[in-house]
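> Once you've had a glance at the structure underneath, I'll fire off some questions.
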Amino acid sequence: MPPPPLLPRLSPAPPPPLRAREMGPGAPPSRGAGRRRRPALLAVARAKGKDEASFTDRILDYIEGGPKLRRWYGAPDLLPKDGSAEDQEDESPDIEEPRDAVLVSDGNSEIGQLVILALILKRARIKALVKDKRSTEEAFGTYVECMVGDMEDKSFTKKALRGVRAVISPADDGFFSEPIDLKGVEHIVLMSQLSVYRNSGGLQAIMNSKLKKLAEKDEEVVLTSGIPCTIIRTGSLQSTPGGERGFDFTEGIAAKGRISKEDAATICVEALDGIPRKTLIFEVANGDEKVVDWKAWFAEQIKGDEEIQ
């Protein structure tokens with residue numbers, strides 16, 4: 001029997017909305033009850049009906065107990081009907097925020113969006129750097145604070161990192177290639193395909209040359225930042241379902257192995273619970289080793305790495 005998926009498998013039809021009596025007195029009626037829904041274009045895409053919640057919103061309503069608990073979570077309303085929140089700005093930029101947010105460095109990429117989904121399901125407070133703010137807001141609604149700007153701009157960097165405790169960089173996008181003031185950040189999780197790029201040859205090596213340089217620079221900057229960091233060197237990323245296979249952590253596996261994007265995204269998020277004293281670096285691809293408790297797995301790796309150091 002295959003192990004349970006790391007990310008929840010989405011059924012063709014969304015779960016039925018909870019009835020008011022199931023959610024307790026005073027709960028608002030379920031949105032879109034009895035209304036015919038159009039099929040979602042993507043697993044995380046907002047439905048196109050005027051009053052329908054997005055597919056992600058319905059998933060979270062089901063998991064968290066409905067709209068009543070959405071308010072408790074901190075996302076009281078959906079976006080305006082035009083899907084835009086671009087006019088909403090911070091009223092008091094100097095107000096100190098609790099340092100509990102996770103910043104995702106690339107919220108528009110496929111792997112970045114899988115990381116965001118995994119963070120939502122873990123009830124994390126999320127900030128994401130994006131190029132297309134509207135599409136990301138339409139996909140994730142109020143569960144993600146979308147940031148558009150240049151990290152070389154010190155004022156934008158200060159705003160983006162306000163309240164951030166950890167940064168996940170899930171793509172070789174050169175996020176760390178330019179000097180960034182990461183003051184206050186407690187943990188960096190970097191997903192790197194440097195081993196894949198170094199092992200490529202011929203035309204593939206030429207095509208990957210720029211990505212290779214970005215990946216090398218990202219690793220170099222993270223390792224010298226002085227901030228506790230976890231570098232996850234993955235095998236070649238595949239658009240296959242996650243949770244169907246185990247893992248292989250053998251040294252050298254990243255250069256020749258493959259791994260589901262869903263599995264890679266989940267490992268990035270699970271790494272947040274294990275903060276090394278200095279640095280934890282490991283390779284991973286899909287294989288036969290089963291990991292039941294990621295928190296315990298990371299604690300064991302960190303302990304072993306510290307004993308070696």
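The values are calculated or read from the model by the stated rules, or taken from the named source; none is laboratory data. In this text, all values refer to a predicted model and were calculated from it rather than measured experimentally. Cβ sites come from the backbone with ideal geometry, for glycine too, and all protein chains shown count toward neighbours. Quick note on the areas: whole protein, heavy atoms, side chains included, nothing else; ligands and nucleic acids left out. Shrake-Rupley method; radii C 1.70, N 1.55, O 1.52, S 1.80 Å.
> Kindly evaluate E186 against the criterion of being open to solvent by 10 Å² or more (accessible area, probe 1.4 Å), under 13 Å from V104 (Cα atoms) and either among the β-branched types (V, I, T) or modelled with pLDDT of 90 or more (or both).
No: the conditions fail for E186.
> Take S195 and tell me if it is in contact with a strand residue (DSSP E or B) (Cβ under 6 Å, 6 or more places away or on another chain) and more than 19 Å from L103 (Cα to Cα). Please lay out each step first, then the result.
On the way: in contact with a strand residue (DSSP E or B) (Cβ under 6 Å, 6 or more places away or on another chain): yes; more than 19 Å from L103 (Cα to Cα): yes.
So S195 passes the test.
> Additional query: Can you confirm whether V292 is surrounded by fewer than 14 Cβ atoms within 10 Å (Cβ to Cβ) and outside any helix (DSSP H, G or I)?
On the way: surrounded by fewer than 14 Cβ atoms within 10 Å (Cβ to Cβ): yes; outside any helix (DSSP H, G or I): yes.
So V292 passes the test.
> Just need a number here: residues in region 174-213 that are under 21 Å from the mean Cα position of the chain (by Cα), under 22 Å from V269 (Cα atoms) and assigned to a helix (DSSP H, G or I).
Qualifying residue count for the region: 1.
> Identify all residues within region 203-219 that are open to solvent by 60 Å² or more (accessible area, probe 1.4 Å) and more than 27 Å from L182 (Cα to Cα); write none if there are none.
Within region 203-219, L203, Q204, I206, M207 meet the criteria.
> Which of the residues belonging to region 105-137 are assigned to a loop (DSSP other than H, G, I, E, B) and either within 22 Å of Q238 (Cα to Cα) or touching a strand residue (DSSP E or B) at 6+ places or on another chain (Cβ under 7 Å) (or both)?
S105, D106, G107, N108, S109, A124, V130
> I'm trying to understand the selection: among the residues of region 253-271, which are crowded, with 20+ Cβ neighbours inside 10 Å, small (G, A, S) and under 15 Å from S195 (Cβ atoms)?
Listed by number, the residues that qualify are A254, G257, A264.
> Filter region 230-252 down to the residues that are surrounded by fewer than 21 Cβ atoms within 10 Å (Cβ to Cβ) and polar (S, T, N, Q) and list them by number.
Those that are surrounded by fewer than 21 Cβ atoms within 10 Å (Cβ to Cβ) and polar (S, T, N, Q): S236, Q238, S239, T240, T250.
> Among the residues of region 162-180, count how many are at pLDDT 90 or above and open to solvent by 10 Å² or more (accessible area, probe 1.4 Å).
First pass over region 162-180, keeping only residues at pLDDT 90 or above: 162-170.
Now restrict to residues that are open to solvent by 10 Å² or more (accessible area, probe 1.4 Å): 162, 165.
Result for region 162-180: 2.
> Just give me the residues in region 198-229 being touching a Ser or Thr at 6+ places or on another chain (Cβ under 8 Å) and either at positive phi or polar (S, T, N, Q) (or both), in sequence order.
N208
> Cβ-Cβ under 7 Å, sequence separation 6+ or interchain: first residue in region 272-289 and touching a residue at least 60 places away in the same chain (Cβ under 8 Å) and open to solvent by 10 Å² or more (accessible area, probe 1.4 Å), partner small (G, A, S) and assigned to a strand (DSSP E or B). Which pairs?
As it stands, the answer is L272/A166, since those pairs meet every condition given.
> Quick check: is even one residue across region 233-248 over 16 Å from W297 (Cα atoms), more than 20 Å from the chain's Cα centre (by Cα) and of a type in the set (G, A, S)?
No: region 233-248 contains no residue that is over 16 Å from W297 (Cα atoms), more than 20 Å from the chain's Cα centre (by Cα) and of a type in the set (G, A, S).
> Can you work out which of the residues in region 134-149 that are under 25 Å from D100 (Cβ atoms) and more than 16 Å from the chain's Cα centre (by Cα) is modelled with the lowest pLDDT? Don't jump to the end; show me each part of the working.
Of all residues in region 134-149, those under 25 Å from D100 (Cβ atoms) come to 136-137, 139-149.
Filter again for more than 16 Å from the chain's Cα centre (by Cα), leaving 148-149.
Working: V148: 91, G149: 85.
The residue in question is G149.
> Looking at region 161-169, is at least one residue farther than 22 Å from P228 by Cα, outside any loop (DSSP other than H, G, I, E, B) and either touching a strand residue (DSSP E or B) at 6+ places or on another chain (Cβ under 9 Å) or of a type outside the set (K, R) (or both)?
Step one: list which residues in region 161-169 are farther than 22 Å from P228 by Cα, which gives none.
Scanning region 161-169, I find no residue that is farther than 22 Å from P228 by Cα, outside any loop (DSSP other than H, G, I, E, B) and either touching a strand residue (DSSP E or B) at 6+ places or on another chain (Cβ under 9 Å) or of a type outside the set (K, R) (or both), so the answer is no.
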